[in-house]
Amino acid sequence: MALMDYIPEWLLIHGPAVIIVLPLIMAAVTSILPGRKPAWFVAMLVTIICTVTAFAVAIYNLKTGVDVYPMGGWDPPHGISLLIDALNAPILVLITLMAVVSLVYALPATLAEVEPKKRAPYYAAFLLCVAGLLGMVVTGDAFNVFVFLEVSSIATYVLVAMGAARDRRALSAAYNYLILGSIGATFFVIGIGFLYMETGTLNMADMGRILADLDGGSRVAKVAFGFIVVGLGLKLAMFPLHNWLPGAYAYAPTQITMFLASTATKAALYLLLRFVFFVFDPDFDYVANVLQFLLVGLGVIGMLFASLQAIFQTDARRLLAFSSVAQVGYMLLGVGIATAASVTAGYLHLINHAIIKGGLFLAVGAMWYRFGITRTADVNGLGKTMPWTTAAFTVSGLSLIGVPFTAGFVSKYQLATAAAANGWWWAVFVIVLTSVLAIFYIGRLLLAAYFQDAPVMEDGQVCTRNEAPLLMLIPMWAMAIASVLIGTNILGASDLVVGASERAANLLLGLGG
C-alpha cells in the first residue's frame with residue numbers, strides 16, 4: 001500500500017495551516033506548564049506532528065504541483081494564501097526535522113544551560129520560533145512574511161539571551177542581534193511598502209505578474225528591491241551584514257545554536273530566492289546586476305574573509321559561526337551565477353550545510369557539557385576521553401571541508417562544476433581555496449583531539465573517558481550518518497536531495513511546471 005494511503009486526507013488539505021497554527025497555540029500552553037519535562041514533551045509532540053505534516057504536504061506536492069491554501073476561504077490575491085511548491089516543501093521538511101533533532105538533544109542539555117524557572121518559557125519560545133520560520137516559508141503574502149519574520153526573530157532574541165545562565169555574554173549577543181535584526185526587518189518592510197505602492201497588492205504571485213507586465217516597474221520597484229535584498233541579506237548573515245551571527249551562535253544554548261545554524265539563515269535565503277526569482281525576475285536589468293555583481297561579489301568576499309577569520313578564532317563555536325558565514329557565501333555564489341546547475345548547487349548546499357553544521361554544533365556543545373570546553377586550545381585528547389563525540393565531529397568536519405563521500409563534497413563539486421561550465425574558473429579557484437582554508441581551522445581541532453594529551457582537571461587529575469549522554473550522541477550521529485549517506489548515495493539519499501534541489505531550481509528558472 002502506498003505511503004499516501006496512511007495519511008488522512010484532511011491533513012493533506014489543511015497541512016499548510018496546521019504546521020503554523022499548532023505550534024503557535026501550543027506555545028502559549030507550554031509557557032504555563034509546571035516543570036521541564038512536561039514542557040519538553042509538549043514541544044516534542046508538536047514538532048513531531050509538524051514533521052509528519054511537512055512530509056505529507058511535500059509528498060503530496062510531488063503529485064499535485066503547486067498547492068495554494070486560501071486562509072478563511074478567501075481566494076488570492078484578495079485573501080491571504082499559503083503556498084506549497086517545489087521550492088519551499090524541502091525547506092519545511094528541513095525546519096521541522098531539525099526541530100525534532102534539536103529537542104532530543106535539549107532534554108539533557110537544558111539542565112546545564114537554562115535556569116530551572118525558565119525552562120517552560122524556553123520551550124514555549126522555541127515553538128514560537130519554529131512557527132515563525134514555518135510561516136515565513138509557507139505564506140504567499142508579502143506582509144505576512146514580515147509578520148512571521150518578526151515572530152521568529154523576537155522568539156530567537158529571547159532564546160539567545162537564555163544562554164546567560166552559562167555565559168553572561170549571551171545578553172550582549174542577544175541585544176546586538178535584536179538591534180541588527182530590527183534594522184533588517186525595517187529595511188524589509190519598507191521594501192514591501194514600496195512594492196505595494198508599485199503593484200497595489202501584497203500577494204507575491206500577483207506582485208510578480210504585475211511587475212512582469214510593467215517590464216520591471218519604475219524606480220519605486222528598484223528601490224523596493226534594494227531594501228528587500230539588504231533586509232534579507234542581514235537576516236541570512238550575508239557579508240558584511242553578518243556581525244550579529246558570531247556572538248549569537250557562540251553564547252546561545254547549544255540546542256538553539258544548532259537550530260538557528262540549520263534553519264534560520266536557510267529560511268532567509270529561501271525568501272531571497274522567492275523574491276528574486278518569483279516576485280521580481282532575473283531578466284530585469286537591475287535584478288541581473290544585483291545577482292551578478294552584488295550577490296556573487298559579496299558571496300566570494302564572505303567565503304574568503306570568514307574562512308580567514310575562522311582560522312584565527314580561539315572559541316570553538318565562534319570558529320564554526322564564521323564558517324557559517326563562509327558557507328552562506330557558497331550559496332550566494334550559486335544563486336548569483338543564476339544557471340540551472342548553479343542554482344541547484346546553491347540550494348543543495350543549503351540543505352547539506354544545515355546537516356553538517358548541525359552535527360558540528362551538537363558535538364561542540366557536548367564537549368562543553370562534559371568538560372566545560374569552549375576554547376579551541378582545550379580540545380586536546382578528546383579523541384580519547386570522548387571518542388564517540390569526537391568521531392561524530394570528525395565526520396561532520398570532513399564534510400564541511402568537502403572530503404569525497406560526504407555531503408559537503410557533493411554540493412561543492414556541483415557548485416564548482418556549474419561555475420566552470422559558465423566559464424567562471426576564478427570562482428572554482430575560490431571554492432578550492434576556501435575548502436583548503438577549512439582544512440586549517442577544522443584540521444587543527446582534529447589534530448589536537450587525536451594527537452595531544454588528554455586535558456587535566458583543576459585538581460590535577462587527567463580526564464578519564466567521560467562520553468556525552470546517549471540523548472546527545474543520537475542527534476549528532478544522525479547528522480553525521482546523514483552526511484555520509486548523501487555523500488555515498490546509500491539508500492538513494494543523494495538522489496533524493498539532489499532531485500529536490502533540481503526541482504527547486506527548475507521552478508525558480510521557469511524550466512519546470
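All of the numbers you see were taken from the coordinates with simple rules; none came from a lab. What you see is a predicted model; the values in this text were computed from it and never measured. Glycine gets a Cβ as well: all are built from the backbone with ideal geometry, and neighbour counts include every protein chain shown.
Computed values, structure above
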| quantity | calculated |
| --- | --- |
| Rounded to 10°, Cα long-axis angle of helix 36-64 versus longest principal axis of the chain | 40 degrees |
| For region 374-380, Karplus couplings with θ = phi - 60° (6.51, -1.76, 1.60), whole Hz, Gly/Pro x | 10, 7, 5, 6, 9, 8, 3 |
| Neighbourhood net charge (11 Å Cβ-Cβ; Lys/Arg +1, Asp/Glu -1) for Val287 | -2 |
| Packing rank of 478-486, 302-310, where each peptide gets the mean count of other beta carbons within 10 Å, highest leading | 478-486, 302-310 |
| Sum of side-chain charges, Asn88 neighbourhood, beta-carbon under 15 Å (Lys, Arg +1; Asp, Glu -1) | 0 |
| 12 Å beta-carbon shell around Leu62, net charge (K/R +1, D/E -1) | 0 |
| Per-residue [θ]222 nm for the chain (sum of -39500 (n - 2.57) over DSSP H runs n ≥ 4, rounded to 500) | -24500 deg cm²/dmol |
| Karplus (6.51, -1.76, 1.60) ³J(HN,Hα), θ = phi - 60°, over region 490-506, in Hz, Gly and Pro reported as x | 5, 6, x, 5, 5, 4, 5, 6, 5, x, 4, 5, 5, 5, 5, 5, 4 |
| Scattering profile of region 297-513 at q = 0.09, 0.14 Å⁻¹ [log10 I(q)/I(0), Debye over alpha-carbon scatterers] | -0.37, -0.81 |
| Per-peptide average of other Cβ atoms within 10 Å, ordering 247-258, 406-417 highest first | 247-258, 406-417 |
| Whole-number percent relative contact order across the chain, with pairs defined as alpha carbons under 8 Å at least 6 apart | 14 percent |
| Amide hydrogen neighbours beyond the local backbone of Tyr69, cut-off 5 Å, H modeled | Leu82, Leu83, Ile84 |
| Cα-based Rg / Dmax (Å) for the chain | 21.8, 74 |
| 0 to 90° range, to nearest 10: angle between helix 219-235 axis and the chain longest Cα axis | 20 degrees |
| Ranked by how many other beta carbons lie within 10 Å on average, peptides 323-329, 11-17 from highest | 323-329, 11-17 |
| Cα long-axis angle, helix 340-371 against the chain (0 to 90 degrees, to the nearest 10) | 30 degrees |
| In order through region 128-133: 3J(HN,Hα) via Karplus (6.51 cos²θ - 1.76 cosθ + 1.60), integer Hz, x for Gly, Pro | 4, 4, 4, 4, x, 5 |
| Count of Lys pairs (Cα-Cα under 18 Å; at least 8 positions apart or interchain) in the chain | 7 |
